[in-house]
Amino acid sequence: MKKLLILLVVTLVFASCNESKETGYVINGNAEGIHNGVRVRLAQIDEKGKQVIKDSAVVMDGKFNIKGAVEEPGVYFLSADGTPGNMVFMLENSDINIDFNSKMPMDSKVTGSESNKSYEDFQNGMLEFRKEGEAIMKRFQELGQEPAPETRDSIKKAMDNMRQRQSAYPLSFVENNNDSYFSLNLIQLESSRPTFDVVKYKEIFESFPANLKESKRGQIVKQRLDELYKEYEKIAHLDLGKIAPNFESKTPEGETVSLNDLKGKVTIIDFWAAWCGPCRRENPNVVKVYEQYHDKGLEIIGISLDGAPNQKDPKKAWLDAIEKDGLEWNHLSSLMYFNDPVAKQYNIKSIPATYILDEEGKIVAKNLRGAALELKIKELLGNP
């Protein structure tokens with residue numbers, strides 16, 4: 001009987017220990033160089049995109065400590081009063097050590113968070129693109145003020161290629177890390193970009209394990225993807241491989257013409273405006289492409305989004321820009337700014353924007369600029 005009571009007591013003690021076991025996080029911070037009394041703040045971005053303080057601690061003897069619990073791993077921010085910016089990391093329920101870099105918080109070191117490793121992998125990948133871009137720019141600067149045209153074009157193509165790969169990197173990362181809480185956060189972040197490919201991201205999201213898809217963050221991401229997919233379905237007819245929808249608009253002389261009247265072997269539909277700085281800076285490149293390939297069948301249809309509220313005479317601004325920039329191709333506009341019927345039909349939210357059509361009128365590329373545009377036309381029509 002006595003042995004039975006002892007066994008029962010031991011069992012209760014172990015049960016009590018298990019019940020009281022901590023399941024939250026502990027952030028052990030090293031804050032070398034930060035004075036006593038400085039407050040460190042832990043924050044998170046809420047669903048409205050606003051940074052919200054979740055907790056804070058005071059630095060004493062170069063140390064700080066924050067305890068709490070999270071429902072699931074997520075992206076958090078840590079900052080210290082008087083330091084530039086903040087650091088970003090994945091917070092989860094574990095013992096986490098942070099060496100806070102007071103001079104450059106983004107370079108702080110984090111250990112103890114498994115989910116943070118995925119975030120670090122992504123950042124390292126982005127860092128490689130940054131280094132590549134810096135190396136290209138350094139090469140350009142070393143050539144002096146007026147490098148040879150072929151050298152300048154080669155460098156520009158290298159930069160455009162790097163930017164395209166950098167733009168595609170988040171999607172590739174999510175696809176290769178579909179078991180990561182950080183990937184859920186990355187999808188949510190990328191979904192606000194105008195170039196977000198909801199079809200591909202939605203397909204990858206379905207490959208995530210059930211525990212991630214059913215998590216709180218997973219449900220938020222799913223809802224966002226579903227909303228964007230519904231919007232996408234309205235413009236699916238503008239996907240690559242689809243026949244570009246026909247349209248009608250007015251020439252500067254007031255004549256009504258259609259896309260079908262103006263198409264060539266290859267056609268660029270170029271949405272631009274006299275007031276658009278990036279459009280005007282891109283125009284010399286478009287002129288160059290037109291001059292090289294027009295005789296081989298290239299046609300360009302410029303759709304002007306002039307008619308902005310601050311334009312006193314939008315038609316004059318439109319015609320002056322055509323003449324000044326030497327745009328010797330087809331021009332159409334209703335002078336209705338972003339309410340232009342063709343712009344709305346083609347879902348134009350910002351400019352410059354382009355659609356490239358093949359000889360069958362199929363959409364083969366979108367929003368190409370610089371060397372990328374030239375390379376695509378060369379691919380479709382061959383050497384000039």
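The values are calculated or read from the model by the stated rules, or taken from the named source; none is laboratory data. All values reported here derive from a predicted model rather than from experimental measurement. Here the Cβ positions follow ideal geometry from the backbone for every residue, glycine too, while neighbour counts run over all protein chains shown.
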Inset, instruction - Considering only residues that are in contact (Cβ under 8 Å) with a residue 24 or more places away in the chain and out of contact with any Phe, Trp or Tyr (no Cβ under 6 Å at 6 or more places or on another chain), look in the stretch 176-186 and name the one that is surrounded by the fewest Cβ atoms within 10 Å (Cβ to Cβ). - result: D179
Inset, instruction - Among the residues of the stretch 56-80, count how many are surrounded by fewer than 14 Cβ atoms within 10 Å (Cβ to Cβ) and acidic (D, E). - result: 2
Inset, instruction - Tell me which of these I269 doesn't satisfy, since it passes every other one: (1) of a type in the set (V, I, T); (2) out of contact with any Ser or Thr (no Cβ under 9 Å at 6 or more places or on another chain); (3) closer than 20 Å to K349 by Cβ. - result: (2)
Inset, instruction - Go through the residues of the stretch 362-375 one by one and say whether even a single one is touching a residue at least 24 places away in the same chain (Cβ under 8 Å), closer than 20 Å to A244 by Cα and loosely packed, with under 15 Cβ neighbours inside 10 Å. - result: yes
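Answer yes or no: is there a residue in the stretch 152-175 that is part of a helix (DSSP H, G or I), of a type in the set (V, I, T) and either surrounded by 13 or more Cβ atoms within 10 Å (Cβ to Cβ) or modelled with pLDDT under 95 (or both).
To start, the set of residues in the stretch 152-175 that are part of a helix (DSSP H, G or I) comprises 152-175.
Remaining after also requiring of a type in the set (V, I, T): 155, 174.
Subset that is either surrounded by 13 or more Cβ atoms within 10 Å (Cβ to Cβ) or modelled with pLDDT under 95 (or both): 155, 174.
So far as the stretch 152-175 goes, yes, one or more of its residues are part of a helix (DSSP H, G or I), of a type in the set (V, I, T) and either surrounded by 13 or more Cβ atoms within 10 Å (Cβ to Cβ) or modelled with pLDDT under 95 (or both).
What number of residues within the stretch 141-158 satisfy the criterion of being without any contact (Cβ under 8 Å) to a residue 40 or more places away in the chain and within 26 Å of the chain's Cα centre (by Cα)? If you could, list the steps in order and put the result at the bottom.
Filtering the stretch 141-158 down to residues without any contact (Cβ under 8 Å) to a residue 40 or more places away in the chain leaves 141-152, 154-155, 158.
From what is left, the residues that are within 26 Å of the chain's Cα centre (by Cα) are 154-155, 158.
Total meeting the criteria: 3.
Would you list the helices (runs of 4 or more DSSP H) that sit entirely within the stretch 270-363 and hold 3 or more residues that are under 31 Å from the mean Cα position of the chain (by Cα) and among the charged types (D, E, K, R)? Walk me through it before giving the result.
Working: elements: 277-293, 314-325, 341-345.
Output list reads 277-293.
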